[in-house]
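> Take this structure, written in structure tokens, and hold onto it; I'll ask about it next.
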Amino acid sequence: MQVVWHIVRSWLKMSSPILTLTIVDQEVRYVVRQGTHVSAQGSCMAPQAFQGGRLVAPDMLAQSLFSHLSTPKGQVGKVAVLLPTSWLQLHEVTLPAGLDAEELNYQINRYVTYNLNLNPTEIFFDWAVLNADADKRLMTVLLAVARQSDVALFHRVFVDTDWHLQWVCPEPQVWSVAYRSHATLDRPVGVCQIEPHGLAFWLIESDGRVRSFVHPFNEQESAGFGFVYQSSH
């Protein structure tokens, strides 16, 4: 799993087709672009592919998705899957500043194993150094963790096709790239995403830190909003 700050900008510079997928409940939203040109966009429902909010039948998802998409002509397309916030664990870890790559890797693995009590063989995780404190003795590292069982099934969606799964990205990281350039010293940026069953909020601070909040709606809250949610299709 890649937590890469420049990933959105690099997508705009690539000449090969890029398919970006976002999953919301049983709905899959997609955009196909080559450079800055958007060649296809839309959404499709694949209720048989998901169970309990998780992908369980990649063949069903492939059948639904490729009924809407054409095959890239003369080249292999690349795929980026944006993992929903609800599929992720995001942690801000404080470590001594100035660690080399080997020591940073050791400290992150130790944090995953001992602090989070997770088995590294059952998860994918990656991290990015956000900032150092005022006297540069400590630094903040953003750690993203996802279950391997959630990620690996997406590879099977694109087996024997002209699309290749290239990136799996935490959705909040993509939002932070898209909006953080607009944040100033006095004006951090907040991004609010409202879906049928929950609310997600990200705060992108001017120093690059990203804080997230997710709140599932109960039946009373959903009934009290006074609007009807309608998907893009």
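> At 1.4 Å probe size, with every protein chain present, just tell me what the per residue accessible area of region 15-138 comes to in Å².
The answer is 54 Å² per residue.
> For the full complex of protein chains and a 1.4 angstrom probe, list 225, 154, 124 by accessible area with the highest value first. Walk me through the numbers on the way to the answer.
Working: 225 95, 154 5, 124 70 Å².
The most accessible residue leads, giving 225, 124, 154.
> Quote the FRET efficiency, to the nearest 0.05, computed for residue 192 versus residue 92 with a Förster distance R0 of 35 Å and r equal to the Cβ-Cβ distance.
Working: r = 20 Å, r/R0 = 0.58.
For residue 192 and residue 92, the calculated efficiency is 0.95.
> What net charge do the residues around residue 25 carry, taking every other residue with its C-beta under 15 Å from that of residue 25, with Lys and Arg at +1 and Asp and Glu at -1? Each step should come with its number before you reach the end.
Values: positive: 29, 54; negative: 27, 150, 171, 195.
Counting the neighbours of residue 25, the net charge comes to -2.
> Under 5 Å between amide H atoms, partner at least 5 residues away or on a different chain: which partners does residue 31 have, H built in plane at 1.01 Å?
20
> Taking 0.36 nm per residue of sequence separation and subtracting the Cα-Cα distance, how much length would be gained by fully extending the chain between residue 203 and residue 63, in nm to one decimal?
Full extension from residue 203 to residue 63 adds 46.7 nm.
> Ranked highest first by average number of other Cβ atoms within 10 Å, how do 144-153, 36-45 line up?
Numbers: 144-153: 17.0, 36-45: 12.7.
Packing order, densest peptide first, comes out as 144-153, 36-45.
> Leaving ligands, DNA and RNA out of it, rank 61, 130, 203 by accessible area with a 1.4 Å probe, largest first.
Numbers: 61 0, 130 25, 203 50 Å².
Correct descending sequence by accessible area is 203, 130, 61.
> Accessible area of residue 78, 1.4 Å probe, to the nearest 10 Å²?
Using a 1.4 Å probe on the heavy atoms, I get roughly 60 Å².
> Can you give the net charge of the other residues whose Cβ lies under 15 Å from the Cβ of residue 152, counting K and R as +1 and D and E as -1? If you can, show how the numbers build up before the last one.
Values: positive: 54, 147, 156; negative: 59, 122, 150.
Residues close to residue 152 contribute a combined charge of 0.
> Ordering 194, 123 by accessible area with a probe of 1.4 Å, largest first, what comes out?
Numbers: 194 90, 123 15 Å².
Per-residue accessible area, sorted high to low, gives 194, 123.
The values are calculated or read from the model by the stated rules, or taken from the named source; none is laboratory data. In this text, all values refer to a predicted model and were calculated from it rather than measured experimentally. Quick reminder, even Gly has a Cβ in these numbers, built from the backbone with ideal geometry, and neighbours come from all protein chains shown. Remember, those area values only see protein heavy atoms, side chains included, never the ligands or the DNA or RNA. Shrake-Rupley method; radii C 1.70, N 1.55, O 1.52, S 1.80 Å.
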